[in-house]
Amino acid sequence: MKIRNVLRIALVAIRRNAVRSGLTMLGVIIGVASVIAMIALGSGARAAIDDQIQQQGTNVIYVSAGSFGRGPGMARGGAGSTTTLTLEDAQAIARDVPTIARVSPMARGRAQVVAGNQNWNTSVEGGNEDYIVIRNWPLASGADFTARDVLVAEKVALLGPTVAKTLFPDSDPVGQIIRVRNLPFRVVGVLTSKGQNQWGQDQDDIIIAPYTTVQKKLLGITFIQQIVLSATSSDAVEPAAVEITKLMRQRHKIQDPNDDDFTVRTVAEMAATRTEMANTMTMLLMSVASVSLLVGGIGIMNIMLVSVTERTREIGLRMAVGARTRDILRQFLAEAVSLSIVGGAVGVLLGMSVSRLLTTGLGWPTVITPTSIIVAFAFAGAVGVFFGFYPARKAAELDPIEALRYE
Amino acid sequence: MVDLKKSYVVGDVTVHALRGVNLDLARGTFLAVVGASGSGKSTFMNITGLLDRPTAGRYLLEGEDVSGFDRDLRAQLRNRKIGFVFQNFNLLPRTTALENVELPMLYSPDAPSAADRHAKAQRLLDIVGLGPRAHHTPSQLSGGQQQRVAIARALVNDPEILLADEPTGNLDTRTSIEIMEVLQRLNREKGITIILITHEHDIAEYAHREVTFRDGRVVSDRLVQSRRDAAQERAALPEEEAVT
């Protein structure tokens, strides 16, 4: 029998039981739609991470105080908890590692800030004049503080957009005075918005001031919590990180890597970790979605078995007038595959609308890739073949005499 | 057919449905097969119609021994050489008469184009007098009309043999006569061999030759002496509301 005729018969049979076919397809539709939506969500998350790397600057290396020790029986405070990281370390790295372009020490604390009658608790980060350059964070207005400001621990500040909006709802903050822990600071600039980070934290809720000011006037400490560096190129990041680690161990007289009192991380490395997490999440969601596709397949098998029983006489007749085993097999297989393919097509459309809804409604980034559509579609087809085969074979192996006599 | 035997094993019991049947059928014969139920006439028909295989013996169709043919070979042979007419018509429901008639052509190795199929099916419906009802579905047709569609379907691939299994079993007398008229006409005008299975002796009298089965054997094989002519009988019937 010609393929065209096989398909035509299959479609006629499907149309004949429109409601039943529709309900059968629903399983596949939901399965495919969820697979599509989950892949879109995963791709969206990855794209957002890539975006963030671009925002942070791909060349950035962080050296943090403290370490996540892995040795047995060691009590470790984790990054940022020790006081052994110093300004001298930063200067040594700048001097001895040639692939490093810029270096900024960083000291951080939380503080209450007041302007007029507005009150706000925010994070204060202290860096040098290169800090916002390294972090690839341009200013929306005003100007960065200068090397001289850093040198003399001038009370000047850059405001993140959230802080600026909260403290100065209706006026330009540049040139105004704010009080940080009761000390007057002059606002010299406002940063551009970075939005939320991966974990939903507002990156714009921040004040950046010279690290000297933060150390001496706000926190009263001499150590620093982090050194932020940028390499000369993205290729130089990894070798630079290795060299920094070596230099730091030398300076801190550390023999065993387990005793490190610092942590060197690169943005690429952090991004890789996050991408991996996003992938794991996607895989998890995908497997749940695949289960529903599987259930849809079982639905198809079920209805095809019913259909074979109902149409036993028809099968007998077709055999009597010359249908061979493979003709019957093909006919029922075509029916099952048509159900799953049509279901797959509707599912793709539904999945795309759901993804769009997730983006517009919940603000989750989604990306629909052609690959995901092809994969989901092919998967639906495979489900049809797999679950359609058993009923089709059952139909094809009927005895024509018995089938014709079937009531 | 030479010494045809067929036995079934049902549980522990072996049932001998045919115990050695020898029958030679000339082309163009109108044969009636009669017998009570359980006489083996259905088994005989299934084997003749290539739906089943004999346990022993040979079945020569046009000189070719087809008793050893496998499922698919028999399917193709049925498609080309045998047309079936059943007691319960066996038309596909919710499918037009025209499409029902086209069905066997779909399974031909060299299936004709859709246009050719329509043309041929329409011509056959015209022959059985159902041309104007080509686009009706079985539920919109009377029993006699459905059986005519089934006859048209049986003829669509120009078979050598038309196997009619109790074709009038579900029909009233008048309609039965009409169906027999169609079969007689096809036999006379087109020279198609017809094997008519029935348990009614008066229906058997429309044939040339009558074979009686009992307990899996042929117990009588005779020519029909006073053959009935369905066309004349129908003309003699009082006028009723036309069925066609």
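The values are calculated or read from the model by the stated rules, or taken from the named source; none is laboratory data. Not measured: the values here are computed from a predicted model. Glycine also receives a Cβ, built like all others from the backbone with ideal geometry; neighbour counts cover every protein chain displayed. For the accessible areas, the whole protein counts, side chains as well, though only heavy atoms, and no ligand, DNA or RNA atoms are used. Shrake-Rupley method; radii C 1.70, N 1.55, O 1.52, S 1.80 Å.
In nm, to one decimal, how far is the modelled label at B:Gln232 from the one at B:Arg217, with both set 7 Å along Cα→Cβ?
3.7 nm
With every protein chain present, what accessible area does A:Ile132 have (1.4 Å probe, heavy atoms only), rounded to the nearest 10 Å²?
10 Å²
Could you give the dipole magnitude of the stretch A:1-157 about its Cα centre, charging the beta-carbon of Lys and Arg +1 and that of Asp and Glu -1, in debye to the nearest 20?
1740 debye
How far, in degrees from 0 to 90, does helix B:173-190 lean away from the longest principal axis of the Cα atoms of chain B, to the nearest 10?
Computed tilt is about 80 degrees.
Along the charge dipole of the stretch A:105-226, Cβ charges K/R +1 and D/E -1, which of A:Ala147, A:Asn121, A:Val190 sits furthest on the positive end?
Farthest along the dipole direction, towards plus: A:Asn121.
In the protein assembly as shown, with Lys and Arg counted as +1 and Asp and Glu as -1 at Cβ, which of these residues, B:Pro109, B:Leu155, B:Ile197, has the Cα nearest the positive end of the dipole, that is, farthest along it?
Result: B:Pro109.
Checking the a/c ratio against 1.5 first, then a/b against b/c, what shape does the Cα gyration tensor give for chain B?
Note, shape of chain B comes out oblate.
From largest accessible area down, sort A:Ile177, B:Ile161, B:Ile127; use a 1.4 Å probe on the protein chains.
A:Ile177, B:Ile127, B:Ile161
Give the shape of the stretch B:102-244 as rounded, prolate or oblate, defined through the alpha-carbon gyration tensor: a ≥ b ≥ c are the square roots of its eigenvalues, a/c under 1.5 means rounded, and otherwise the shape is prolate if a/b is larger than b/c and oblate if not.
Verdict is oblate for the stretch B:102-244.
Treating only the Cβ atoms of Lys and Arg (+1) and Asp and Glu (-1) as charged, compute the dipole magnitude of the protein assembly as shown about its Cα centre; round to the nearest 20 debye.
Dipole size: approximately 280 debye.
Kindly provide the trypsin sites (Lys or Arg not before Pro) of the stretch B:71-118 that DSSP labels as loop, not H, G, I, E or B, and whose Cβ sees at most 14 other Cβ atoms within 10 Å.
Taking the stretch B:71-118 and a limit of 14 other Cβ atoms within 10 Å, the loop trypsin sites (Lys or Arg not before Pro) found are B:Arg94.
If you fit an axis through the alpha-carbon atoms of helix A:87-96 and take the longest principal axis of the Cα set of chain A, what angle between them do you get, 0 to 90°, nearest 10?
Helix A:87-96 and the main axis of chain A meet at about 70 degrees.
Could you give the angle, 0 to 90 degrees to the nearest 10, between helix B:71-81's Cα long axis and the longest principal axis of the Cα atoms of chain B?
Helix B:71-81 sits at roughly 50 degrees to that axis.
Treat each spin label as a single point 7 Å out from the Cα along the C-beta direction, and report the A:Thr360 to A:Val12 distance in nm.
4.2 nm
Positive end of the dipole of chain A, charges at C-beta (+1 Lys, Arg; -1 Asp, Glu), about the Cα centre: which of A:Leu285, A:Ala395, A:Tyr406 has its Cα farthest in that direction?
A:Tyr406
With only Lys, Arg, Asp and Glu charged, each at its Cβ (+1 for the first two, -1 for the last two), find how big the charge dipole of the stretch A:105-226 is about the Cα centre; round to the nearest 20 debye.
Using Cβ point charges on Lys, Arg, Asp and Glu, the stretch A:105-226 gives about 400 debye.
Keeping all protein chains in position, work out how much accessible area B:His135 exposes to a 1.4 Å probe, and write it in Å² to the nearest 10.
130 Å²
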